[in-house]
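Heads up: the structure comes next, in structure tokens.
The values are calculated or read from the model by the stated rules, or taken from the named source; none is laboratory data. Just so it is clear, the model here is predicted, and its values are computed rather than measured. No Cβ is skipped: glycine too gets one built from the backbone with ideal geometry, and neighbour counts run over all protein chains shown. The area values use the complete protein model at the heavy-atom level, side chains included, leaving out ligands, DNA and RNA. Shrake-Rupley method; radii C 1.70, N 1.55, O 1.52, S 1.80 Å.
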Amino acid sequence: MMKKEKVIFCAVLVSAAIRLSAAAVQADPGDVAGSYYSTDIVTSVNGSEIDSINIGGNTLISAEDMIYYSFNVEWNADERTLRVDSVPQAVNGAPPSVTKTDVPAGSVLGSYYETDIVTYLDGEAIEAYNIGGRTYLHAEAMRELGYEVVWNDEARTLDVTSPDRAGKIYSSRIADQQDKEGYSYEGDGAMAFSYTPEGTVGRGDAERCNIIFGSDNGREMYIRIYNLTNTAVSSYPQALFQRMREIAYTGNIPVQYEPEERYEDVRALASISINGQSANEIAVMQTQGNGHVDYIFTIQDLPVYRVEDIESIEFVFGTPPDTVYELKTNQ
């Protein structure tokens, strides 16, 4: 019995040593990381076909080629970074023709390599691979950064569209503040508004606020509440803005927070629903300058709706009075 236990103990030690040895071996930049394959999937970016390959069942496209598809591509040798940023329109000429091949889909075309280069898409890090000194990034992963990525299984096509071209970047004015006389306004310290395409009604301090709804990156929506720019700062709803300031996480405030640290605090004072879906993760940022104070409520956990798909927005901050009035907009 003792001999058997020694054998088992030795086997455990050997297994542990192998694991430790494997953990100690780390891949270096330039090491072979795997193989890439041919694909029969037709991939397009912003309406034009782009060359693509397959790694692990994922479609990859060349970052360097994206300069022809309405992107700016910038390599920084000192920082070892590659930045790919969407721009309104292509400025480098028409996309190149995609070379077709007779190689069957799924055939090994070559190897991809470990890299220490960090690739950013619109300022966000994205997984990328080094193939022959060129950088390839996941087309499907672009969805997480606000891009519209549509797969057609029957046609075997993958269409990628930038957030602005997909209509996911916009700014829609909901209400314009009424210019009030006088330079002192305490207010109710609470407000609410209800928006539909037919119009907007408000309660409490909403009549002292400008309100804009939109998305500036295609990844999240926001509600921006601020006072009229050419009105003295003291005329804004001071009690309301002070309460908003207390839950803001950055901007012109003395204490900095991470957004997720304040979700519970925000929920205690504010509620937002879009098309009947309630938001649980709301970040509030405060900025000010040139006679205006801004509070930007960013909705972290709801899908980004195009403006034409917005059926209703409900916003409540604090406990506003019951009196309802129409909010006007110049848009």
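May I ask you to say which residue of VAL42, VAL84 is closer than 25 Å to ALA155 by Cβ and of a type outside the set (Phe, Trp, Tyr)?
Being closer than 25 Å to ALA155 by Cβ and of a type outside the set (Phe, Trp, Tyr) holds for just one of VAL42, VAL84, which is VAL42.
Let's see how each residue does on (1) in contact with a Pro (Cβ under 8 Å, 6 or more places away or on another chain); (2) basic (Lys, Arg); (3) at pLDDT 90 or above; (4) within 30 Å of ASN217 (Cα to Cα):
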| position | (1), (2), (3), (4) |
| --- | --- |
| PHE71 | no, no, yes, yes |
| ARG80 | no, yes, yes, yes |
| ARG83 | no, yes, yes, yes |
| PRO95 | no, no, yes, yes |
| LYS100 | no, yes, no, no |
| LEU109 | no, no, yes, no |
| GLU127 | no, no, yes, yes |
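Kindly provide the set of residues from region 260-319 that are aromatic (Phe, Trp, Tyr) and part of a strand (DSSP E or B), ordered by number.
Matches in region 260-319: TYR295, PHE297, PHE315, PHE317.
I need a count of the residues in region 320-331 that are open to solvent by 70 Å² or more (accessible area, probe 1.4 Å) and either assigned to a strand (DSSP E or B) or free of Cβ contacts under 8 Å to residues at least 60 places away in the same chain (or both).
The total comes to 1.
Identify the residue in region 43-54 that is in contact with a strand residue (DSSP E or B) (Cβ under 9 Å, 6 or more places away or on another chain) and assigned to a strand (DSSP E or B) and, among all such residues, is most open to solvent (accessible area, probe 1.4 Å).
Across region 43-54, the extreme among qualifying residues is GLU49.
So, in region 149-160, of the ones that are free of Cβ contacts under 8 Å to residues at least 40 places away in the same chain and among the charged types (D, E, K, R), which residue ends up farthest from ASN217 (Cα to Cα)?
Of everything passing the filter in region 149-160, GLU154 is farthest from ASN217 (Cα to Cα).
Name the residues in region 119-136 that are of a type in the set (A, V, I, L, M, F, W, C), surrounded by 18 or more Cβ atoms within 10 Å (Cβ to Cβ) and under 17 Å from PRO29 (Cβ atoms), would you?
Result: ALA128, ILE131.
Out of (1) open to solvent by 40 Å² or more (accessible area, probe 1.4 Å); (2) at pLDDT 95 or above; (3) under 17 Å from THR119 (Cα atoms), what's the single condition that is false for LEU60?
The failed condition is (1).
Take the residues in region 176-208 that are modelled with pLDDT under 90 and within 30 Å of the chain's Cα centre (by Cα); name whichever of them is farthest from SER86 (Cα to Cα).
GLN177
Conditions first: (1) at pLDDT below 95; (2) out of contact with any helix residue (DSSP H, G or I) (no Cβ under 9 Å at 6 or more places or on another chain); (3) open to solvent by less than 10 Å² (accessible area, probe 1.4 Å). ILE299 passes all but one, so which condition is the exception?
(1)
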